[in-house]
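Trainee: I'd like to ask some things about the structure below.
The values are calculated or read from the model by the stated rules, or taken from the named source; none is laboratory data. Bear in mind that the values here come from a model prediction, so they are computed numbers and not experimental data. Reconstructed Cβ throughout: ideal geometry from the backbone, glycine too, with neighbour counts over all protein chains shown. Protein only, heavy atoms only, side chains kept; ligands, DNA and RNA dropped before computing areas. Shrake-Rupley method; radii C 1.70, N 1.55, O 1.52, S 1.80 Å.
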Amino acid sequence: MIKKGIGRQIVMHYFIVVFVTLFMVEIIFSLAIRVYYYDTVYNHMYTHSTWTSDYFQKFGRISSDRDPGYFTEMLQTFELDNTELMILSRNGDVLASSNALQADKAVQTSDVSQAVSGSVGKWIGRQPSTGEMVMAVSMPLMERGENRFVVRFVTSLERINANLMKMTLLSIGVCLAVLALVTLFSIGLANSIVKPINNIRAVSAHMAKGRFDIRIRGKYPYELGELAETLNYMAKEIVRSNQIKDDFISSISHELRTPLTGIKGWSETLTIGGFDPEETRLGIGIISKETDRLIGLVEEMLDFSKLQQNEMKLVITRVNLKELLQETMLNVWAKAEQKGIQIKLEDETEQPVTVMGDGNRLKQVFLNLVDNAIKFSHENSWIHLVVSLKGDNRVLVQVVDSGIGISEEHLNKVKDRFFQVNHQGGGTGLGLAITQQLVELHHGDIDLQSELGVGTTVLVELPLAEPEEETGEEPLASTEGESIHE
């Protein structure tokens with residue numbers, strides 16, 4: 001017995017469809033073969049009875065007394081193998097018969113009445129005397145244009161019916177064999193589907209309990225294989241995500257501990273007192289610097305949390321992109337000078353470039369990109385910010401550096417949250433993830449091109465603002481931003 005479930009449904013559906021189909025085919029086949037055999041017998045008898053009628057009309061002799069020899073001659077002339085020949089009167093009385101046992105009663109079947117009326121009659125039924133199934137064909141015998149007699153041919157259908165029954169039983173046996181084969185096939189098909197599903201379900205149950213180290217073994221065809229690969233990939237990504245999260249926690253703990261240690265150490269030192277003004281100013285400066293560092297880390301995590309929860313709001317205004325890039329360069333100028341890095345803005349547009357967006361958030365995007373370029377560039381190298389138009393309604397900003405570059409292995413992962421190429425470089429691993437989501441929130445695109453040891457190019461594409469209409473009114477000050485969707 002097949003256990004209740006999808007396997008049983010598959011088997012039952014196959015069984016029902018095939019059973020109904022075979023049942024209909026069996027009925028049609030039985031009817032068709034019966035009609036074929038019966039029509040063959042009828043056509044044979046009809047042809048002979050037609051010949052009999054024509055022969056009698058041309059060569060039949062007239063006899064006033066209708067002596068028995070006359071009918072005996074007719075029986076001998078018109079006989080047909082395996083068929084009883086009867087000569088009937090118009091009233092259906094049997095005048096002569098090839099069967100030694102003549103009927104005492106008049107024949108009143110429909111074929112006789114049709115023959116009396118001048119047409120060929122056909123009747124299928126059981127003989128009253130023997131009870132066997134017969135077919136009778138009757139034809140009028142015309143004499144000088146007058147219907148004088150009826151010739152009736154009667155043949156037994158028992159042998160034909162027996163043969164039809166054998167063929168029907170044989171066809172039923174074939175149908176049952178086909179049905180059995182289809183049932184076995186459907187059971188095999190159901191098992192080929194149910195077993196992988198049960199395996200996938202069992203592995204999924206372990207994954208639901210937090211065991212992401214197990215995998216679905218075996219190769220399954222079609223959609224089942226895709227499902228198994230998807231679950232394995234999901235488990236792999238969860239393991240990787242957990243590892244990245246653990247690395248992030250370890251990294252952020254270190255990032256937080258370093259400034260806190262400096263703040264705590266100098267706070268305790270300054271509390272003791274007895275230092276000259278220069279040392280006191282140095283200690284306060286370190287505390288202020290480390291506090292700013294802590295604030296930056298916290299703000300970065302808060303921004304990421306808002307983006308993940310679709311709570312980031314943008315204050316939309318018309319932003320002069322070139323001015324924003326120049327401000328960005330000024331903000332990082334001192335840091336770049338410490339490493340001897342030259343930052344240059346290359347303008348390929350030769351016209352004002354205005355976008356609709358949140359100026360502070362866009363500045364955050366380019367500050368993060370340029371800051372990363374400085375962090376991972378060699379001393380005495382260069383960074384170029386290239387502004388160009390892409391089509392009629394897009395602007396492309398490229399942040400190009402000649403730094404250490406990114407390997408192909410890490411290039412597709414650097415925008416993932418918590419991912420860091422160099423864990424010793426500090427940071428939360430959220431910068432590029434936040435940058436990407438902010439760019440997408442401005443209906444833009446961001447892409448990275450890099451070669452290890454050669455440098456990196458970050459491409460930021462943003463939509464241009466519509467030309468400002470000269471209405472004399474102030475431009476739109478702000479509007480609530482959209483929530484980003486992952």
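Trainee: Could you grab the pairs with beta carbons closer than 7 Å, sequence gap of 6+ or different chains, first residue in segment 216-239 and farther than 20 Å from LYS195 by Cβ, second one in a helix (DSSP H, G or I) and at pLDDT 85 or above?
Mentor: From segment 216-239, the pairs are ALA235/MET207.
Trainee: Condition check: among the polar types (S, T, N, Q), over 30 Å from ASN147 (Cβ atoms), modelled with pLDDT of 85 or more and part of a helix (DSSP H, G or I). Does THR21 satisfy that? Step through it out loud before you land on a result.
Mentor: Details: among the polar types (S, T, N, Q): yes; over 30 Å from ASN147 (Cβ atoms): yes; modelled with pLDDT of 85 or more: yes; part of a helix (DSSP H, G or I): yes.
Yes: the conditions hold for THR21.
Trainee: Give segment 283-294 a look and list any residue that's among the aliphatic types (A, V, I, L, M) and surrounded by 14 or more Cβ atoms within 10 Å (Cβ to Cβ), or say none.
Mentor: ILE286, ILE287, LEU294
Trainee: Just to be sure, is ARG148 in contact with a strand residue (DSSP E or B) (Cβ under 9 Å, 6 or more places away or on another chain), under 30 Å from PHE71 (Cβ atoms) and open to solvent by 50 Å² or more (accessible area, probe 1.4 Å)?
Mentor: Judged against the criteria, ARG148 is a match.
Condition check ((1) modelled with pLDDT of 85 or more; (2) within 12 Å of THR456 (Cβ to Cβ)) across all residues:
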| site | (1), (2) |
| --- | --- |
| LYS363 | yes, no |
| ASN368 | yes, no |
| GLN398 | yes, yes |
| GLY425 | no, no |
| LEU430 | no, no |
| ILE434 | no, no |
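Trainee: Determine whether segment 37-51 contains at least one residue that is acidic (Asp, Glu), touching a residue at least 40 places away in the same chain (Cβ under 8 Å) and out of contact with any Lys or Arg (no Cβ under 7 Å at 6 or more places or on another chain). Walk me through how you get there before you give the answer.
Mentor: Let us first name the residues in segment 37-51 that are acidic (Asp, Glu), namely 39.
This time we only want the ones that are touching a residue at least 40 places away in the same chain (Cβ under 8 Å), so: none.
Looking for residues that are acidic (Asp, Glu), touching a residue at least 40 places away in the same chain (Cβ under 8 Å) and out of contact with any Lys or Arg (no Cβ under 7 Å at 6 or more places or on another chain), one finds none in segment 37-51, hence no.
Trainee: Inspect all residues belonging to segment 245-252 and state whether any of them is closer than 30 Å to ILE286 by Cα and hydroxyl-bearing (Ser, Thr, Tyr).
Mentor: Looking through segment 245-252, at least one residue is closer than 30 Å to ILE286 by Cα and hydroxyl-bearing (Ser, Thr, Tyr).
Trainee: So the check is Cβ under 9 Å with 6+ separation or different chains; which pairs have a first residue in segment 445-468 that's within 14 Å of ASP401 (Cα to Cα) and in contact (Cβ under 8 Å) with a residue 12 or more places away in the chain and a second one that's of a type in the set (Phe, Trp, Tyr) and surrounded by fewer than 20 Cβ atoms within 10 Å (Cβ to Cβ)?
Mentor: THR456/PHE376
Trainee: Please specify each residue of segment 43-97 satisfying the condition of being at pLDDT below 85, charged (D, E, K, R) and part of a helix (DSSP H, G or I).
Mentor: Of everything in segment 43-97, those that are at pLDDT below 85, charged (D, E, K, R) and part of a helix (DSSP H, G or I) turn out to be LYS58, GLU73.
Trainee: Going through segment 169-192 one residue at a time, which ones are open to solvent by 50 Å² or more (accessible area, probe 1.4 Å), farther than 15 Å from THR21 by Cβ and in contact (Cβ under 8 Å) with a residue 60 or more places away in the chain?
Mentor: Listed by number, the residues that qualify are ILE187, LEU189, ASN191.
Trainee: Among the residues of segment 194-230 satisfying the criterion of being outside any loop (DSSP other than H, G, I, E, B), open to solvent by 50 Å² or more (accessible area, probe 1.4 Å) and under 22 Å from TYR14 (Cα atoms), which is modelled with the lowest pLDDT?
Mentor: Checking each candidate, the answer is TYR222.
Trainee: Further question on the same structure: Residue under question is SER156, and the condition is that it be hydroxyl-bearing (Ser, Thr, Tyr), touching a helix residue (DSSP H, G or I) at 6+ places or on another chain (Cβ under 6 Å) and in contact (Cβ under 8 Å) with a residue 12 or more places away in the chain; does it hold?
Mentor: Spelling it out, it is not the case that SER156 is hydroxyl-bearing (Ser, Thr, Tyr), touching a helix residue (DSSP H, G or I) at 6+ places or on another chain (Cβ under 6 Å) and in contact (Cβ under 8 Å) with a residue 12 or more places away in the chain.
Trainee: A further question on this structure: Among all residue pairs at least 6 apart or on different chains, which show Cβ distances below 8 Å where the first residue, located in segment 91-113, is over 14 Å from VAL137 (Cα atoms) and small (Gly, Ala, Ser) and the second is open to solvent by 90 Å² or more (accessible area, probe 1.4 Å) and modelled with pLDDT of 85 or more?
Mentor: Close Cβ pairs (under 8 Å, with a partner that is open to solvent by 90 Å² or more (accessible area, probe 1.4 Å) and modelled with pLDDT of 85 or more) amount to SER98/GLU79; ALA106/ASN91.
The rows are residues; the columns are (1) out of contact with any Asp or Glu (no Cβ under 7 Å at 6 or more places or on another chain); (2) modelled with pLDDT under 85.
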| residue | (1), (2) |
| --- | --- |
| ASN393 | yes, no |
| GLY405 | no, yes |
| HIS443 | yes, no |
| GLY455 | no, no |
| PRO475 | no, yes |
| ILE484 | no, yes |
